[in-house]
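Worksheet: one structure, shown below.
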Amino acid sequence: MKQCWLIPETKNNKTFLLSELLAISPIVADILARRGLQEVRKAVDYLRPTMLSLASPYCFKDMSRIIERLTKALRYKEKVLVYGDFDVDGVTSTALLYKVLVDLGFKAVTYIPHRQEEGYGLHQKTIEKASRAGVKVLITVDCGITAFEEIKFANESGIDVVITDHHEPLEILPPAYAIIDPKVEDSGYPFRELAGVGVAFKLVQALLQEFQTAGIGLKSQKDLLDFVALGTIADVVPLIGENRVLVFHGLKQMECTTNPGIKALLVECGLQNKSLKAGSIAFLMAPRINSVGRMDSARPGLELLLTANPQRAQELARMLSAENALRQKTEKEILTEAVTQLEQGPLPSVIVLASENWHHGVIGIVASRLVERYHRPVFIISVEGKLSKGSARGIPGYHVLKQLCTQAGLLERFGGHRQAAGFTIATGAIAQLKEGLNAEADKLPEEVFQKKLTIDRFVDFSMLTESLQQELDQLAPFGYGNSGPILAVRQLPVYKLSQVGKNGSHLKLHVGPRGVMEGIAFSQGERINELLASTRLDLAFSLDINTFKGCRQLQLVVKDVQNEAKVQDKINQTAILSDNQGQNPRKDSVVPKVLDWRNYERNFWLRKVMAITKNNLENSSIVDKIVIWDSTLLRTVSLEDFCKNKENTGSNSSLLENNCLNPPVLGIIVGIPFTRDDLRFGLESILSLGVGQIALTEFKPRSELELQKRSVYLSRQKLVQKYRYFQKMARTENPFCWKPLESEQNSLEALKIFEELGLVRYLGSSDLFVIELLPSEQKLDLEVSLRYASSKRYWKRVTQFQKHLLGISRENIMLLVEKIVKEEIF
């Protein structure tokens, strides 16, 4: 299927500002802006992920209740069962929680159901066995949020159930003792996209703070992140926010892991002593652990992660590789049969296929392969007598779980999320399911089923350098939700095309003047005849370094190649991209009348307001005719609240609703804005209310302290003071615990800078940060820290802007407002 190229929407693009403050190329700055990282602090947090930014596990409203229950279990030596799932996320979650519970002295056991014999989730028979074995607390990991009847049965059996899950809940929650699932409404946790192992890790954080003792020794939470990264990558959750932080540091931990199982698996995959990427974990390590759970029991995968015996770990790693080879063979056979079935008729909107010969443990992977091939949602079913088990995979714009909900009356049970789901169905209802899903798909927009490729940036061939590739690598780890940047060149000269690989399945390209650069297009070898006649082609690609016999060479990893690609932006879905690179067209804007009251005192400008509004009152009071933008609060407030010195907690939209019939006649920006963005925001907020004239007043110089606080800039002197503060704490005990107060946000920012410079090491946190001060024998260059350097540049820029606003003439302040309105707001 020919792909349509999409350009991400941009608004108020701050490429120049990001490039200047972060000292990066305009190409990378533009990509950050197009991905929604236009604010400098957000971009810094993205480029320098830190564990210090993670939310406290106690944000989960039930976490304290869980810790109370586990305190009782530890005191009375009650048996605790960790109940997991058979995929990589479930296995790593089980291993992580079990390992920490045992280390802390709990009487813990594990259970992972057999995929073929039992299926996903909690089962009453297992709960019954657990009750007979004396289990008093059952903790689910990566499952349980829809197990209403099973948890009700556990309660009746005298077992307290704690659910840790990340799947979507049903309307009614199970009657569990406690639940931590970020997708539960009002869970309290600010980040919804954690994997199952991420949720388990939050429980581990709380456990380590509560129960860790000197006798057990200080355990670094970072030591556990190899498990967290492995499960998070494998479960294909978005690599954004906290997931990005956990995977970024988890990959680094994996490179120096002390876990015998992960070490053995790295060796088996040929990844030992290499810089690890999320893609390598997803395509080499994760499938090996998944394979045993798919083909038989997941227990060998769990044992691999928990064993302390290196020799046993090597045996298990080899066993997993053998199982993975068997899985690949089975997958290939099923895929061939599925394609044969599918190509007997026209391609439906939703693919629903079923067979008695398909291994239930492999059909999910086959569904993913079919999605890649046909760009259609796929529901593939293994027929097992009267009941059949299915696995589903979606495409962008198609919510798998919501679509399954439309067919709930046909299903025995189901669960999952946006991208994937599992279900059980009566064999006789499969035809109805196919019909129902396709009927629902007819209600969706046609563009959902058009294969699209998002282009991050169009570039000139001359811009492709190894330096650019290294900068782009700073955006890693790449995966779902944070894909590797895709660049594109239009009408690139092609010097040579050839087929390579087994059966000529891949396409090799020599491009640019005299074919100076190589490109590889995987699985596109069959297109050679289509493309040979062209001397110039449109290429979409990522940049990579190919190392062969010690030689490094920049190469293109081609995602798509076309004679002439159709390019759309996300504003105009039919437009062909022109030279403006998909920028939003400017609308005609109405420039407000500007009143220069910058030097007026409050009493004076209030009298001016009375004079302006007295002839415009009609049936409204003066309060209704004035809107204030407070540059310190960065929000609109009513004149009455402003004069009373109270914040207006209402949103701008509520002000808009109140004034839609009789808009204010005057908007006032009070106080000198810190930055151009603040001024733009104030203008945008006031103009959205229909105001025709704007006054600028009380423009008094900000103090140095205010400017530094607004820029989140800590001077060298302040950083020295903060470092001495942490040194003092470390003299008493190193590592040491530190709890930041609201008034100590500067100390937290300083800690992030020290971490970036290698002066401290984060070991863990929940409500407390566990920090180790590291020895330093040489003077450090603070400019090496992106956090420090960018905030210093930002502070200088803010200071210059303040001087500019105070010093320019009345005519120039009007020109500045006009420029901002025309270029940035509309």
Cα-based shape type of segment 80-210, given that a ≥ b ≥ c are square roots of the gyration tensor eigenvalues and the cut on a/c is 1.5: rounded
Only helical DSSP H runs with n ≥ 4 go in: add -39500 (n - 2.57) per run for the chain, normalise by residue count and round the 222 nm mean residue ellipticity to 500 deg cm²/dmol. -12000 deg cm²/dmol
For Arg418, Arg680, give me the order by solvent-accessible area with a 1.4 Å probe, most accessible first, ignoring ligands, DNA and RNA. Arg418, Arg680
How far, in degrees from 0 to 90, does helix 430-441 lean away from the longest principal axis of the Cα atoms of the chain, to the nearest 10? 10 degrees
Roughly how far apart, in whole Å, are the Cα centres of segment 320-357 and segment 499-533? 28 Å
Between segment 403-417 and segment 708-764, what is the C-alpha centre distance in whole Å? 50 Å
Could you tell me the distance between the Cα centroids of segment 154-174 and segment 69-105, to the nearest Å? 16 Å
Hey, with R₀ at 45 Å, roughly what FRET efficiency would Phe522 and Ser220 work out to, going by the Cβ-Cβ distance, to 0.05? 0.70
Protein accessible area in the chain, 1.4 Å probe - carbon and sulfur %: 50 percent
Filtered hits (aspartates and glutamates, Cα-Cα < 13 Å from Lys559, offset >= 8 within chain) -> Glu372, Asp456, Asp538, Asp544
I'd like the FRET efficiency for Val339 and Asn546, computed as 1/(1 + (r/R0)^6) with the beta carbon distance as r and R0 of 35 Å, rounded to 0.05. 0.65
Can you run phi through the Karplus equation (6.51, -1.76, 1.60; θ = phi - 60°) for segment 347-359 and list ³J(HN,Hα) in whole Hz, with x for Gly and Pro? 6, x, 5, 10, 8, 10, 10, 8, 7, 6, 9, 9, 5
Residue (of Leu537, His375, Leu52) at the positive-pole extreme of the chain, dipole from beta-carbon charges: Leu52
Ordering 161-172, 596-607 by per-residue average of other C-beta atoms within 10 angstrom, highest first, gives 161-172, 596-607
Any idea what angle helix 745-756 forms with the longest principal axis of the chain, computed on alpha-carbon atoms, 0 to 90 degrees, nearest 10? 60 degrees
Between Val594 and residues 5 or more places away or on another chain, which pairs have amide H atoms under 5 Å apart, with H built 1.01 Å from N, and which residues are they? Ile694
Treating only the Cβ atoms of Lys and Arg (+1) and Asp and Glu (-1) as charged, compute the dipole magnitude of the chain about its Cα centre; round to the nearest 20 debye. 1820 debye
What's the magnitude of the charge dipole for segment 13-120 around its Cα centre, counting Lys and Arg as +1 and Asp and Glu as -1 at the beta-carbon? Answer in Debye, nearest 20. 440 debye
How would the chain be classified by its alpha-carbon gyration tensor: rounded, prolate or oblate, with rounded meaning a/c under 1.5 and the a/b versus b/c comparison settling the rest? prolate
Extension gain (nm, one decimal) between Asn563 and Arg41, 0.36 nm per residue minus Cα-Cα: 183.8 nm
Once you keep just the Cα pairs under 8 angstrom separated by 6 or more residues, what percentage relative contact order results for the chain? 11 percent
Over 27 Å (Cα to Cα) among Lys718/Lys779; Lys252/Lys728; Lys14/Lys222; Lys125/Lys263; Lys99/Lys125; Lys125/Lys329 -> Lys252/Lys728; Lys14/Lys222; Lys125/Lys263; Lys125/Lys329
Computed over the chain: longest principal axis from alpha-carbon atoms vs helix 786-807 long axis, angle to nearest 10 degrees, is 20 degrees
How large is the accessible surface per residue of the chain, computed with a 1.4 Å probe and reported in Å² as a whole number? 46 Å²
Would any residue of segment 708-723 have its amide N under 19 Å from a label point 7 Å out along Cα→Cβ of Leu741? List them or say none. 721-723
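The values are calculated or read from the model by the stated rules, or taken from the named source; none is laboratory data. Keep in mind it's a predicted model, so treat the numbers as computed, not measured. Backbone-built Cβ (ideal geometry, glycine too); neighbour counts: all protein chains shown. Remember, those area values only see protein heavy atoms, side chains included, never the ligands or the DNA or RNA. Shrake-Rupley method; radii C 1.70, N 1.55, O 1.52, S 1.80 Å.
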